[in-house]
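Peer 1: Handing you a structure now.
The values are calculated or read from the model by the stated rules, or taken from the named source; none is laboratory data. Note that the structure is a prediction, hence the values are computed from the model and not measured. Don't worry about glycine lacking a Cβ; one is built from the backbone with ideal geometry, like all the others, and counts go over all protein chains shown. Side chains are part of the model used for accessible areas, which takes the heavy atoms of the whole protein and leaves out ligands, DNA and RNA. Shrake-Rupley method; radii C 1.70, N 1.55, O 1.52, S 1.80 Å.
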Amino acid sequence: MTSLDIGRLRAVLRDIDFPATRDDLLREARRSAGDDATVRTLHDLPDRSFNGSSAVIAALSGSRQSFPVV
């Protein structure tokens, strides 16, 4: 189970132009955050397009991610 700082994820998603694919999200995460946990988590997303940050978080909520309260 991956532990992820939800604040870092939101920071990455805030800079994304949606709709965005998983590859777009990964590219932005590597460019802006450089956080290995965030990149690994986004890599686990289904290979599809997302209409917004809420769609990304919803997709991650359905996976085995652990989001600590920050």
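Peer 1: Can you name the residue in region 28-58 that is of a type in the set (D, E, K, R) and part of a helix (DSSP H, G or I) and, of all such residues, is surrounded by the most Cβ atoms within 10 Å (Cβ to Cβ)?
Peer 2: That would be 28.
Peer 1: Checking residue 67 against (1) open to solvent by less than 60 Å² (accessible area, probe 1.4 Å); (2) modelled with pLDDT under 85, only one condition comes out false. Which one?
Peer 2: (1)
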